[in-house]
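Here the structure comes first, spelled out in structure tokens, and everything after it is commentary.
We did not get these values from a lab; they are worked out from the coordinates using the rules stated. What you see is a predicted model, and the numbers here were worked out from it, not measured in a lab. With ideal geometry, Cβ positions are generated from the backbone for all residues, glycine too; neighbour counts draw on all protein chains shown.
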Amino acid sequence: MSWLLFVFINVIVMSVASLYQKIAMRDENTDAVISATTFMIVSGICYFLYALIKGFHIPTISLLPYFIITATLYAVGTILFFHAIKKIEASEMSIIGGVGPIITIIASVLFLRDVFSAQQLLGVLCIISAVVLINYKKGGIVINQGVWLALAGTACYGIAVIFDTSIIRGFEVASFIPIGTAGTSFIMMLTYPKKIPLVWKALIKIEKKSFDL
């Protein structure tokens with residue numbers, strides 16, 4: 001399958017995810033941590049079922065530090081995204097999310113010694129232009145708290161991709177994703193232990209709604 005098709009599918013999935021996040025956070029009283037953790041757990045279950053079909057494997061102990069770092073980055077990034085989506089539109093989130101590849105490109109050049117090509121430069125300029133245009137108002141460029149939170153979350157995701165690359169070079173993707181997602185969920189709950197009962201209630205509510213359908 002062409003890499004371009006994978007990119008296209010990724011854009012669609014991330015757009016749908018942003019829409020879900022906006023729906024989940026439309027109530028002012030909605031807790032970003034609970035919503036983010038619940039979202040990650042549900043996603044992890046889906047990934048794990050896919051991994052069982054493809055063949056699930058346990059990684060070697062040497063990859064543990066990479067799993068911890070990437071899980072932490074994704075945990076922080078996801079929570080920041082859910083905070084941001086309360087303050088900006090889903091369409092804005094999708095565009096700002098494009099900054100992530102810029103962070104990844106810069107980090108890959110610095111740490112993985114990748115070559116920065118003319119095509120990548122063009123892509124970076126297009127992404128920056130889209131971010132500027134989406135935040136343009138009559139009085140100038142307006143970057144509010146939601147935008148900063150989204151940019152911070154995107155930066156976490158962008159750096160995490162570098163560690164993802166280090167993992168999948170010696171480990172299969174199908175098994176890596178559910179393990180990484182489980183680690184991210186664990187770090188979220190470890191950081192906010194008092195919210196664990198509320199996350200459990202949210203999961204039960206999702207399960208009941210699924211059976212109702």
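Taking K and R as +1 and D and E as -1, what net charge do the other residues with C-beta under 11 Å from the C-beta of Gln145 add up to?
On the way: positive: Lys86, Lys87; negative: none.
Here the charged neighbours net out to +2.
For a protection proxy built on the mean count of beta-carbon atoms within 10 angstrom, sort 69-79, 172-182 highest first, please.
Numbers: 69-79: 22.5, 172-182: 18.7.
Sorting 69-79, 172-182 by mean packing, highest first, produces 69-79, 172-182.
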